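In what follows, a single structure is set out as structure tokens and then discussed.
The values are calculated or read from the model by the stated rules, or taken from the named source; none is laboratory data. Computed from a prediction, not measured in an experiment: that's the story for all the values here. Positions of Cβ are backbone-derived with ideal geometry, glycine not excepted, and every protein chain shown enters the neighbour counts.
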Amino acid sequence: MMTDWKTYAYKALLYGLHSTRIYKAAKRAYAGMGGILTFHRVVEPRGAFSPNAALEVTPAFYDTIIAHLKAGGWRIVTMTDLCHCLRRGSPTDHLVALSFDDGYRDNFENAFAICKRHDVPMTINVTTGFINGTSFPWWYAVEELLRHRDKVIFNRSGNMVTLPAKTLPQKMAAYRLLSAAFSHALPRDIAQLLDSLEVLNSVDLRSYCRNLLMNWDMVKTLADSGRVEIGAHTVTHPALRLLEANHAEAELGASRDALAAILGRPIEHVAFPYGSRQAVGRRELELAAKLGFTSAVTTRHGTLQPEHRSHLAALPRLTVNGRYQSLKTIDVFLSGTSTALANRFNRVVSQ
Ligand SMILES: [Zn+2]
């Protein structure tokens, strides 16, 4: 989670750039062929305590983005079409892919309807364990626990700690502490941390998470619609870089195979969980290529350039932060200005 001064700086930067129109100049050098916008959830705001608000845009904003892109002459494409265009390397293409990670239920209930209305495709990268109910997005489990409790008991390295969670600042502080514990845990310890929270606080976090995520019927309906491309996003959503090589390969391969078997179609694209440098290294990019994925996306910030045809296993994306639901942000992203600034003026962002 970004600290306040950082988020303000981010906002000022984006808005400042937009108002001074520097981005128009940057556009010639950095806009390239377009970009892959990353989303997670499309939901109405859920009150002051929303520690994951960065992952959430409203249906109205999502609708506005698509209308704005269409009006601006952007062609909204699937990842398959996008890779095809990148391989062809036509620098005049003006492409945007709408990419969703994890497999939240509101992708089915809200985002899909909006895409249908606009007649545009989307790509959803599904964590198969989330759909099976065998793995859980801890960030929402922790949020939900804190929303409903005045205090939370937590096993901090063997010591029982009671975290006050009555007021909004207390809930936010407790969320920061708990999310740090999860973020720093090894992948194999995350399920155990969740178990411990459930037992100590007598709560069923898993049932909450199940309602938050799609079921297989929903995933299948989307895949069969012809409008939604389903990509892989591992089985348990680990930071792959922290796993042994064979385990990392199994996470990627097993999620793809399960999706292909259930949906009856090949799964050609993958998004790496978390997608940061800490979670994805060169080995993971090589694994995705070895497993035969046509493309793999990270969360490195960048637009798409013709040179990406040689880096399809390490495509950057432009993550839409729900705290800044403004079309100016989208314009600055697609202008390439933020790519230049985030990557020391490096134009082709890959591994
Ligand atoms: Zn994810």
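Brief remarks follow.
Conditions (1) closer than 30 Å to residue 220 by Cα; (2) assigned to a helix (DSSP H, G or I); (3) touching a Leu at 6+ places or on another chain (Cβ under 8 Å); (4) free of Cβ contacts under 8 Å to residues at least 24 places away in the same chain, marked per residue:
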site	(1), (2), (3), (4)
120	yes, no, yes, no
129	yes, yes, no, no
141	yes, yes, yes, no
161	no, no, no, yes
172	no, yes, no, no
181	no, yes, yes, no
188	yes, yes, no, yes
194	yes, yes, yes, no
199	no, yes, no, yes
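- Every condition in (1) in contact with a Gly (Cβ under 7 Å, 6 or more places away or on another chain); (2) under 16 Å from residue 228 (Cβ atoms); (3) away from the ligand (no atom under 16 Å from the Cβ) is met by residue 79 except one, and the failing one is (3).
- Screening residue 73 with (1) part of a loop (DSSP other than H, G, I, E, B); (2) surrounded by 24 or more Cβ atoms within 10 Å (Cβ to Cβ) gives one miss only, at (2).
- Residues satisfying the stated conditions in the stretch 164-180, i.e. of a type in the set (S, T, N, Q) and more than 26 Å from the chain's Cα centre (by Cα): 167, 170
- Failed item, numbered, when residue 154 is tested on (1) of a type in the set (A, V, I, L, M, F, W, C); (2) touching a strand residue (DSSP E or B) at 6+ places or on another chain (Cβ under 7 Å); (3) part of a helix (DSSP H, G or I); (4) outside the structural domain of residue 268 (by TED's automatic domain parsing): (3)
- Look at the stretch 286-312: where a residue is of a type in the set (Asp, Glu) and a partner is part of a loop (DSSP other than H, G, I, E, B), sitting 6+ places away or on another chain with Cβ atoms under 6 Å, you get 307/348.
- Selection within the stretch 271-287 - of a type in the set (Gly, Ala, Ser) and within 16 Å of the ligand (Cβ to nearest atom): 271, 275, 276, 279
- Screening 252, 240, 222 for residues that are crowded, with 23+ Cβ neighbours inside 10 Å and in contact (Cβ under 8 Å) with a residue 60 or more places away in the chain leaves exactly one candidate, 222.
- Among residues that are modelled with pLDDT under 90, of a type outside the set (Gly, Ala, Ser) and in contact with a strand residue (DSSP E or B) (Cβ under 7 Å, 6 or more places away or on another chain), residue 294 is not included.
- Checklist (1) farther than 18 Å from residue 100 by Cβ; (2) assigned to a helix (DSSP H, G or I); (3) within 16 Å of the ligand (Cβ to nearest atom) applied to residue 246, failing item: (3)
- Residue in the stretch 253-270 that is modelled with pLDDT of 95 or more, more than 16 Å from the ligand (Cβ to nearest atom) and at positive phi present: yes
- Looking only at the stretch 83-120, residues that are within 15 Å of the ligand (Cβ to nearest atom) and of a type in the set (Phe, Trp, Tyr) come to 2 in all.
- Index of the failed condition, residue 73 passing every other in (1) closer than 19 Å to residue 332 by Cα; (2) under 21 Å from the mean Cα position of the chain (by Cα): (2)
- Test for residue 96: is it in contact with a strand residue (DSSP E or B) (Cβ under 6 Å, 6 or more places away or on another chain) and part of a strand (DSSP E or B): yes
- Within the stretch 121-144, the set of residues being within 11 Å of the ligand (Cβ to nearest atom) and aromatic (Phe, Trp, Tyr) comprises 130, 139.
- Any hit, the stretch 218-234, residues being touching a Cys at 6+ places or on another chain (Cβ under 9 Å) and in a helix (DSSP H, G or I): no
- Residue in the stretch 332-350 that is among the charged types (D, E, K, R) and surrounded by 19 or more Cβ atoms within 10 Å (Cβ to Cβ) present: no
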